Amino acid sequence: MAVCTDKSLRNMMMYQVFVRNFSEEGTFAEVEKRLDEIKELGTDVIWLMPIHPIGEVARKGTLGSPYAISDYRAVNPEFGTLDDFKALVAAIHDKGMKCIIDVVYNHTSPDSVLSKEHPEWFYHKADGSFGNRVGDWTDIIDLDYFNKELWDYQIETLKMWAETVDGFRCDVAPLIPLEFWLRARAEVEAVRPGCIWLSESVEPGFITYMRGRGMTALSDSEIYQAFDMCYDYDVYGRFRAFIAGRGTLAEYAEAINRQEYIYPENYVKLRFLENHDQPRASFLIPDCCSLYNWTAFSFFQKGMAFVYAGQEYGADHLPSLFDKDTADLTENEASDILRPLIKRLADIKGDPIFTDSVYTVKAQDERFLIAKHESGKGEALGVFAVRGDVGCVEVDFPDGVYTDLISGDKYEVFHGCVQCFGEPVILIRK
């Protein structure tokens, strides 16, 4: 783990924005217009997906993937100008939020500035042509980090952007040497003290696949040496298995508990139900009561909470990465429930109990998740009816009458049991 990682990241919520599909106009200016709405949700950090120009060669779809970047040091003119971008970041700061941007350092578009100016910095196939090492990524070519001049260029680019933004979400960071990230973090810190580093860590199967092909593929434990946070793909597969009826709730709880002893003491996970690479939460969990409980559980978990734009409106369609596909951000019956819930959960997450705790999760009857934070500042208990069931739940919490922090209702713990009425319950004792 990065020794300087601030545990207060566990008290925060991140909100992801794909500028192209955040509005019909798809511009920085339109994002700026909705900052009050994003802030009101309880957001601490806004993550902007890649803001850079997109290559034209080998494009997927009509507009191309934002992850096929042609110039790391420019902004996508479809979104606006560099001044427009800086104005957006300044407005984010004025409203008390931080801004991080995507860093896509494993690859570029085939017609990128670097491919023309420094072809020697790239991976080449046996015939000498550009290529990539992941077959379905046909719109990009891989960089080669054996060349230390590439390191210099990439780190100087990070330092340039760090003069404006507060941190970086690093795309497939495990495919790039750890030593590069360690050096990058150290040098960027001089420009932006307290810079936030989020790694898109990858699924266990992808790590073993890449290692089997002789490629760099860092585990979460390795990533934590340079990054503050990484994805929770190490447990996401268990979540999806339970949702699909292929796995048990107990197996998912066990995987979460394992994180407490295999990672450094100050580990921070990004706790997501959905993101731009995964199905919408409302698509995976169409039952409103179940979704309500899963949303509450994701915020109660140890780590930073996460919302992908549209999630708070109950959107079930995942916007395309390759075409204009505006997310539905209009008020509806689902948003009337989810937005107030997320706002309340973000407030609850600010409690110091969640900053530095011992965290445990257990499953009961494949219907309930019971999670607990214990620290010197008290203890927090969460009961989540992930199928929307009513029942008596066994809890490790002192008998007494407590106020549920979500609903404001009174709940009694009696003889180590609490009644669950199908809705999530969060109790705190100090």
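Let me spell out the model: positive unit charges on the Cβ of Lys and Arg, negative unit charges on the Cβ of Asp and Glu, origin at the Cα centre of the stretch 289-430. What dipole size does that give, in debye rounded to 20?
Values: 14 positive and 23 negative charges, 93 e Å.
My answer is approximately 440 debye.
The trypsin sites (Lys or Arg not before Pro) of the stretch 159-257 that DSSP puts in a loop, and whose beta carbon has at most 13 other beta carbons within 10 Å, are Arg213, Arg246. Sorting Asp94, Asp71 on solvent-accessible area from highest to lowest, probe radius 1.4 Å, gives Asp94, Asp71. Rounded to the nearest 500, the helix-only mean residue ellipticity at 222 nm of the chain stands at -9000 deg cm²/dmol, with each DSSP H run of n ≥ 4 adding -39,500 (n - 2.57). Taking Lys and Arg as +1 and Asp and Glu as -1, the other residues whose beta-carbon sits under 13 Å from that of Cys170 total -2.
Hey, which of these cross-link pairs are over 19 Å Cα-Cα: Lys372/Lys430; Lys269/Lys377; Lys269/Lys430? Present the calculation step by step, with values, prior to reporting the outcome.
Working: Lys372/Lys430 13 Å; Lys269/Lys377 21 Å; Lys269/Lys430 25 Å.
Over 19 Å Cα-Cα: Lys269/Lys377; Lys269/Lys430.
The relative contact order of the chain, computed from alpha carbon pairs under 8 Å that lie at least 6 residues apart in sequence, is 16 percent. Using C-alpha pairs under 8 Å with a sequence gap of at least 6, the mean separation divided by the residue count of the stretch 317-430 gives a relative contact order of 20 percent.
Please identify every one of the GluC sites (Glu not before Pro) in the stretch 288-380 that sits in a loop by DSSP and has no more than 16 other beta carbons within 10 Å of its own beta carbon.
Details: sites: Glu312, Glu331, Glu333, Glu366, Glu374, Glu379; in loops: Glu331, Glu366.
Qualifying residues, ordered by number: Glu331, Glu366.
Over the chain, with every protein chain in place, what whole percent of the accessible area is carbon and sulfur at 1.4 Å, could you tell me? Mind dumping the intermediate values first?
Details: 8510 of 16560 Å².
Here it works out to 51 percent.
Around the Cα centre of the chain, unit charges on the Cβ atoms of Lys, Arg, Asp and Glu (plus for the first two, minus for the last two) sum to a dipole of about 660 debye.
Annotation: per residue accessible area for the chain equals 39 Å², rounded to a whole number [probe 1.4 Å, protein chains only]. Do the alpha carbons of any pairs in Lys95/Lys349; Lys7/Lys60; Lys7/Lys324 sit beyond 30 Å of each other, and which pairs? Table pairs above 30 Å Cα-Cα are Lys7/Lys60; Lys7/Lys324.
Normalised by the number of residues in the stretch 103-152, what is the relative contact order in percent for Cα pairs under 8 Å and 6+ residues apart?
On the way: 53 pairs, mean separation 19.8, N = 50.
Across the stretch 103-152, relative contact order equals 40 percent.
In the chain, what percentage of the DSSP-assigned beta bridges are antiparallel, given to the nearest 5?
On the way: 35 of 62 bridges.
If I count the DSSP bridges inside the chain, around 55 percent turn out antiparallel.
Using only Cα atoms, find the angle between the long axis of helix 148-162 and the longest principal axis of the chain, and express it within 0 to 90 degrees, rounded to the nearest 10. Between helix and principal axis, roughly 60 degrees.
The values are calculated or read from the model by the stated rules, or taken from the named source; none is laboratory data. Nothing here was measured: the structure is a model prediction, and the numbers come from that model. Note that we place each Cβ from the backbone using ideal geometry, even for glycine, and neighbour counts take in every protein chain shown. The area values use the complete protein model at the heavy-atom level, side chains included, leaving out ligands, DNA and RNA. Shrake-Rupley method; radii C 1.70, N 1.55, O 1.52, S 1.80 Å.
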